[in-house]
Amino acid sequence: MQPIQFIDLKAQQKTIRQKIDVAIQKVLDHGTYIMGPEVKEFETKLSDFCGAKHTISCSNGTDAIAFALMCKNIKAGDHVLVPSFTFAASAEVIAWFDAIPIFVDVDLKTFNMCPNHLEATIVDAKQKGQHVAGILTVDLFGQPVDYESINKIAYKHNLWIIDDAAQGFGGSLKGKKIGTLAEITTTSFFPAKPLGCYGDGGAIFTDNDEYANLMRSIRVHGQGSNKYDNVRIGMNGRLDTIQAAILLEKLAIFNEELIKRDEIAHRYTNALKDYAQTPHLIEGAFSAWAQYTLVLPNRDEVVASLKEVGVPSFVYYPMPLNLQVAYKHYPTGPYGTPNAEKLAKTVLSLPMHPYLDATTQDYIIDQTRNILLKKAA
Ligand SMILES: *Cc1c(COP(=O)(O)O)cnc(C)c1O
């Protein structure tokens, strides 16, 4: 058997390599490397895919969050609620603007921001006289956040919501695709994300015409009516034409890939649910399965045993963000982040990509089950 890949980008490339070669060749021929026709075409197709009125492609998923915060006119001293259990970028960009992330604890089953903790944190921050501006949700490991609950809380407290869907793009909630579940949604095309390119890339989705125009200006140094008319402070935040050309080919097979990921996740869950805590989806949620994550009390032993039998596994994330050196001086909710701390010690992600064949899936399942049975005995 070939060594098992945690994420197999080569297998995907094999299936579409010829198309990608042709697509790149086309860009080399026309030579419009910046904002070429493929960029516009990709944005249109992304809007068709997720149903958002506007798609603004951009440099990466981190900058995408900056675009969204700039639409919301984020200011120094604003407080923004962000989950404690996520990738650094979600909180990092808030700090770029000298705004303050407040870390909200997550739910032990969904791994996403817990609505009860969110509400308690808002009340606590307001009592302390802090200016709370908005909520930055993260669809962790691919599953949409419980937007019905979060929307109610946001409405009650007059807060905006930005959805960091770097892991969730492709997912949906009750038939509504991620990209339309919040006023502004951001995503990343980092190679290992469910929809990834061959470098850095990202996008922002919104139905708001004003925000879309603003972001198109910010993307090119705050451009006004022409290239040397600068009407605001912006940045260089564009997606390369070559990356857009590659992404067009990847988007064409994205739906099939999402279905395969979902099938694999359900096979894993059916086979392992009696031996470990398997991922819990909220009602009506379809996950993009950026990761398939178990919760295990003896996680570190299981990682070592899996490695011995050639099954790669990864820990996302070994430490909550609010305990890290760069973030530990920022506030948390009134009850701290016990759930995130517990998850950091117990989560384990198994190999997940659409090109895991049935034999490999069976091998991963059998080995994992054997190890869990032995550890439990
Ligand atoms: C990957 C990721 C990002 C950042 O995306 P980049 O394209 O690497 O900048 C932001 N948020 C989350 C939750 C991510 O997983």
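Average accessible surface for region 186-229: 42 Å² per residue, computed with a 1.4 Å probe over protein heavy atoms with every protein chain in place. Computed from label points 7 Å out along Cα-Cβ, the spacing between His221 and Asp300 is 5.2 nm. Protection proxy ranking of 367-375, 130-138, by the mean of other Cβ atoms within 10 Å over each peptide's residues and highest first, is 130-138, 367-375.
Could you tell me whether the chain comes out rounded, prolate or oblate from its Cα gyration tensor? Rule is a ≥ b ≥ c as square roots of the eigenvalues, rounded for a/c under 1.5, then prolate if a/b exceeds b/c, otherwise oblate. Oblate, because a/c is 1.5 or more while a/b does not exceed b/c. Scanning the chain for DSSP H helices at least 15 Å long along the axis (C-alpha atoms) with a Kyte-Doolittle mean no lower than 0.0 picks out 61-71, 241-252. Of all DSSP beta bridges confined to the chain, the antiparallel ones make up roughly 55%.
Look at the alpha carbon pairs under 8 Å that are at least 6 residues apart: their mean separation over the length of region 1-115 gives a relative contact order of 16 percent.
For the residue pairs Lys177/Lys307; Lys10/Lys375; Lys19/Lys273; Lys128/Lys328; Lys177/Lys345; Lys19/Lys193, the alpha carbons lie more than 28 Å apart in Lys177/Lys307; Lys10/Lys375; Lys19/Lys273; Lys177/Lys345.
Computed per residue of the chain from DSSP H runs no shorter than four, each worth -39500 (n - 2.57), the mean residue ellipticity at 222 nm is -13000 deg cm²/dmol. The distance linking region 237-288 with region 84-139 is 25 Å (Cα centroid to Cα centroid, whole angstrom).
Modelled spin-label separation between Ala88 and Glu148, with each label point placed 7 Å from Cα along the Cα-to-Cβ direction: 3.8 nm. Close amide H pairs (under 5 Å, H built 1.01 Å from N) link Gly222 with Gly234, Met235, residues at least 5 positions away or on another chain.
Here the accessible area is traced with a 1.4 Å probe on the protein chains. For the chain, carbon and sulfur cover 52 percent of it. Loop-located trypsin sites (Lys or Arg not before Pro) in region 208-295 (DSSP state not H, G, I, E or B) with no more than 10 neighbouring Cβ atoms inside 10 Å: Lys227. Could you work out the relative contact order of the chain, using alpha carbon pairs under 8 angstrom and six or more residues apart, expressed as a whole percent? Once normalised by length, the contact order is 23 percent. Put simply, when 172-179, 84-91 are sorted by average Cβ atoms within 10 angstrom per residue, most first, you get 84-91, 172-179.
Here the dipole of the chain is about 200 debye; that uses its Cα centre as origin and unit charges on the Cβ of Lys and Arg (positive) and Asp and Glu (negative). Between His280 and Val123, the contour length at 0.36 nm per residue exceeds the alpha carbon distance by 53.7 nm. Normalising the average separation of contacting C-alpha pairs (under 8 angstrom, six or more residues apart) by the number of residues puts the relative contact order of region 189-314 at 18 percent.
The values are calculated or read from the model by the stated rules, or taken from the named source; none is laboratory data. Here the structure is a predicted model, which is why all the values come from computation and not from measurement. Heads up, the Cβs are rebuilt from the backbone with ideal geometry, glycines too, and the neighbour counts pull from every protein chain shown. Side chains included, ligands, DNA and RNA excluded: accessible areas come from the protein's heavy atoms. Shrake-Rupley method; radii C 1.70, N 1.55, O 1.52, S 1.80 Å.
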